[in-house]
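Notes to accompany the following structure.
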Amino acid sequence: MNCEKCQELVGELVDGALSPEDESTLTLHLEECLACSEVRNDLQSIVSFCQSHRGEYSAPPNETALWLRIRNVIETEVQLPATALPAQGFWSRWMSRSWELSIPQLAASAAAMVLIVSLGTTVLLRRWDNGAGKAPVATLPNSDAATRVRDRMREQQQAMDYWNHRVEANKVRWNQQMRDTFDRNVKALDETVNERLNELNRNPHDEFSEAMLNAALNDKLAMLRDFSDL
Amino acid sequence: MSIRLLSPIRFSVAQIFSALVVLAVLCSCASPTAHAQRSVSKRFPAGKNVRVELKNISGTITVESWNRNEIKITASLEAPTANVTPKLMGECVSIDVMGDNRGRGDVGDVNFKIQLPQDSSVDIETRRGNITVSNIRGGLVRAHITSEGDITLSGISASQVLAQNTIGDIFFDGDFSRGGTYQFQSTKGNISVRIPSDSAFRLVAQAPTKKIALNEFWNNGFKNLGDGRKFVGDVGDGRSSVMVTTFQGSITFLRR
């Protein structure tokens, strides 16, 4: 008996499943071959350990789920060659995909698209309107001065939004007189800002209007900050 | 008895008038505002360079000088729950209505009357309400109204004066000290400055409305910038610095 044949049968020897003839032949080889003997010993010790610790391992918490996971892994591995096809871009896959639609499905899809587009347009228009209410009404032409003003206003607007948010949160605690005062004064400052913006719209290089606009924006910011404490 | 109840009762005019008067008195006594008004008064000894700092929320503030060497603070509180606690810290008397009433909700108007020696400095800020300061000759007079209220500063001779509001007029009547700085700013209000004819200062006056009247303080050395919306120039040889700005109102210089 050679080593290869021996190592094939050594498992059955450990299990005691060999015929008496094969067992004696294998035993003879094991007495002569140190390598095969070590394999038999290793296997024997593993089996003995398993037998002596039988029932001590903890069962998986959900056996069915475990098997399902194993199955998924196996199936994924089986499918891998299919996904490992030459890499195709999302767009080319999307474009090469074929669609089969019945007439009612087609009509429903068209109706859904019309609905989505109209809803999206409505939302965008509303947002645009709200933005116009918060930001100054006047628009500025394209120039270095106008860009500078626009940048400054954008920076200021972020700070104002923050303080305005705090003011709105505290406003419920104020009396009506204080609320009216605040609204009147914000309106006065907004008027000033809009007047300066209109002036800059007419003359983008009007340094006086630019300086006054900055001062008015600073004043508005200071007022929001002061009232946010109330 | 039943006959008396059913029969008409005759009242004289005097009786009816008396009854109405009694009723009116009772009603006014029972009205919540009459009960709500509460007054707090406190006195502090005044040192040489005394300073009063007041941070109010709403109400009128009147500051005036007197000949005593002490500070008297009288506060009239609209809401009985409001708290006003003036504190003396070194040479400074501090009143912080905002801080004293944090978490108490709406405390209504608190009207102040402050009497102090004329050499005192005054630093006042409030969210709304008129400020009047008269006859102060200390280092600083500052009156800041975040929103609306008139500012009246009369008989002022301080080296630094700052007055600012959003809606409301500003009136200054006083002197510009040599080397002093004076700033007056309103968003929607008229600013009037009344000074002696021999005043000397460097002026920057700005009003987008172009309503700037320098009257007899005008001279040819003034630069007209921004097409009549801004004037910069010197009056006399004084080195005090004066800046006057109104966004939607007028600027007027008057001779005292």
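At a threshold of 20 Å², the residues of segment A:207-230 that become less accessible to a 1.4 Å probe in the full protein assembly than in their chain on its own are A:F208, A:M212, A:D219, A:M223, A:D226, A:F227, A:D229, A:L230.
Please determine, in degrees from 0 to 90 and to the nearest 10, the orientation of helix B:13-30 with respect to the longest principal axis defined by the Cα atoms of chain B, where the helix direction is its Cα long axis. So the inclination is approximately 60 degrees.
For the set B:V204, A:V117, the ranking by accessible area, highest first and with no ligand, DNA or RNA atoms included, is A:V117, B:V204 under a 1.4 Å probe. Computed over neighbours whose Cβ is under 13 Å from that of B:V110, the net charge equals +1, Lys and Arg +1, Asp and Glu -1. The antiparallel fraction among DSSP beta bridges confined to chain B stands at about 25%.
What total accessible area, in Å², is buried where chains B and A meet, using a 1.4 Å probe and rounding to the nearest 100?
Details: alone 13640 and 17670 Å², together 29150 Å².
Accessible area lost upon association: around 2200 Å².
Taking all protein chains together and rolling a 1.4 Å probe, B:V242 ends up with roughly 0 Å² accessible. When only Cα pairs below 8 angstrom with a gap of at least 6 residues are kept, chain B shows a relative contact order of 14 percent. Using the Cα gyration tensor of segment A:3-52, with a ≥ b ≥ c the square roots of its eigenvalues, what is the shape: rounded (a/c below 1.5), prolate (a/b larger than b/c) or oblate (neither)? It is oblate, given that a/c is not under 1.5 and a/b is not larger than b/c. Anisotropy class assigned to chain B is prolate, per the alpha carbon gyration tensor with a/c at or over the 1.5 cut-off and a/b larger than b/c.
For the segment A:183-190, counting C-beta atoms of other chains within 10 Å of every residue's C-beta and taking the mean gives 5. Considering only lysines 8 or more places apart in sequence, or on different chains, count the pairs in chain B whose C-alpha atoms sit under 30 Å apart. The number of close lysine pairs in chain B is 23.
The values are calculated or read from the model by the stated rules, or taken from the named source; none is laboratory data. Nothing here was measured: the structure is a model prediction, and the numbers come from that model. Cβ: placed from backbone, ideal geometry, glycine included. Neighbour counts: every protein chain shown. For the accessible areas, the whole protein counts, side chains as well, though only heavy atoms, and no ligand, DNA or RNA atoms are used. Shrake-Rupley method; radii C 1.70, N 1.55, O 1.52, S 1.80 Å.
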